[in-house]
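Read through the structure below, which is laid out as structure tokens, and then see the notes.
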Amino acid sequence: MYYEPVRLKHGSQPAPPDVSENSRKLDLQVIFTDLPKTAAALAKARSMARGLGARITLMVARVVPYPLPLAEPDVPVEFTEHLLEPLAREQDNARDDADIAIEIYLCRDRSETIRRAVPPDSLVIVGAPKRRWWPSGWFPWERSLARMLRRDGRRVLVVTV
């Protein structure tokens, strides 16, 4: 069963997309995994967006356990905001003309929420651990998310850390 996520926006908001072909901007969606991987993915997004006026959105899917109401997570949303503000600000200080926005989704299923929230024409950037030469039987969530989004027809770039 899928529950519609609670969407919270924070930070500077990108301008609404212009639908004309000549003024189309690059839309980059960075998926939050953890701080080091997300920092690497944001740095890659910023370098790709340099000089293009791209919109960068940091998407955070926070899973709320089932005993709690969806709008009342066990970890306050303010904590997540304070955790991500320096990361976005650090990227913001070094930017050209890219606009970084943070979108927090309170949800029950992290993968399904991201799958439904990613706009169809955007480029998704996911930070993931490097592949190991020895198969361990463990497949990181980030790589399975990237594979699922590719199957849905999305353009996905995996940044290894």
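Just so it is clear, none of the values below were taken in a lab; they were calculated from the coordinates. Everything quoted here is computed from the prediction, not taken from an experiment. Counting neighbours? That spans all protein chains shown, and the Cβs are built from the backbone with ideal geometry, glycine included.
For SER111 and ARG155, what does the FRET efficiency come to when R0 = 25 Å and r is the distance between their Cβ atoms, rounded to the nearest 0.05? If you can, show how the numbers build up before the last one.
Working: r = 18 Å, r/R0 = 0.70.
The pair SER111/ARG155 has a calculated efficiency of 0.90.
At a Förster radius of 45 Å, what calculated FRET efficiency corresponds to the Cβ-Cβ distance of LEU52 and ASP74, to the nearest 0.05?
With R0 = 45 Å, the Cβ-Cβ based efficiency is 0.70.
Please list 3J(HN,Hα) in residue order for the range 48-55, calculated via the Karplus relation 6.51 cos²θ - 1.76 cosθ + 1.60 where θ = phi - 60°; whole Hz, with x for glycine and proline.
Taking θ as phi minus 60°, the curve returns 6, 7, 4, x, 9, x, 6, 9 Hz for the range 48-55.
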